[in-house]
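First comes the structure, then the notes that go with it.
Values in this text are rule-based calculations from the coordinates and carry no lab data. Note that this is a predicted model, so its numbers are computed, not measured. Every residue, glycine among them, receives a Cβ derived from its backbone with ideal geometry; neighbour counts consider all protein chains shown.
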Amino acid sequence: MKVRCVANTGKSLSQKNLDLGYKKESKFNVEIESEYIVYSMMRWGETLDYLIIGEKSEVPSWYPVELFEVVNHLLPPVYYFIFSKYKNYKGKESQLAIWGYKEMTTSLDHYIALTEENTRALEIFFKRKCQIDEFEELSQFRFKK
């Protein structure tokens with residue numbers, strides 16, 4: 001799956017994302033009109049984020065979906081899915097859904113380690129990144145306009 005950046009500031013975010021702590025003044029590490037491969041998607045509460053590698057970055061980060069439009073809708077065959085309910089920090093029941101490579105969906109420890117830029121988690125991510133990038137490259141032949 002590939003997306004194109006259509007906005008890169010908090011001005012484009014919904015109130016739900018702003019309530020999570022983003023600010024209208026937030027500037028994201030993505031460039032308008034640039035395209036990015038999505039390595040995982042996470043629906044947390046009422047928001048959706050993409051895991052991508054931003055501009056001038058060597059590690060993945062989560063970005064609000066509202067900053068992008070989809071340009072290739074095909075999901076990689078290595079994507080898995082998980083859905084769970086949990087109590088949020090306010091004690092309210094919430095939901096989590098993740099689409100992505102196996103380790104992202106089967107291990108909360110991997111998700112946490114990746115956000116902390118743990119060496120082993122990054123090794124796993126880059127292994128899966130190669131698989132997803134290869135699939136994305138091959139799928140471009142089917143979706144060129």
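Remarks
- Spin-label model distance (nm) - SER107 vs GLU46, 7 Å beyond Cα toward Cβ: 3.4
- In this calculation the C-beta distance from GLU134 to SER12 is compared with R0 = 22 Å, giving a FRET efficiency of 0.10.
- Mean separation of Cα pairs under 8 Å and 6 or more residues apart, divided by the residue count, gives the chain a relative contact order of 22 percent.
- Paramagnetic label zone (point 7 Å from Cα along Cα-to-C-beta, GLU55; backbone N under 15 Å) in the stretch 9-30: 9-10, 26-30
- Calculated [θ] (222 nm, deg cm²/dmol) that DSSP helices of n ≥ 4 give over the chain, each run adding -39,500 (n - 2.57): -9000 deg cm²/dmol
- Cut-off 15 Å (backbone N to label point 7 Å along Cα→Cβ of ASP19), residues of the stretch 70-102: 88-95
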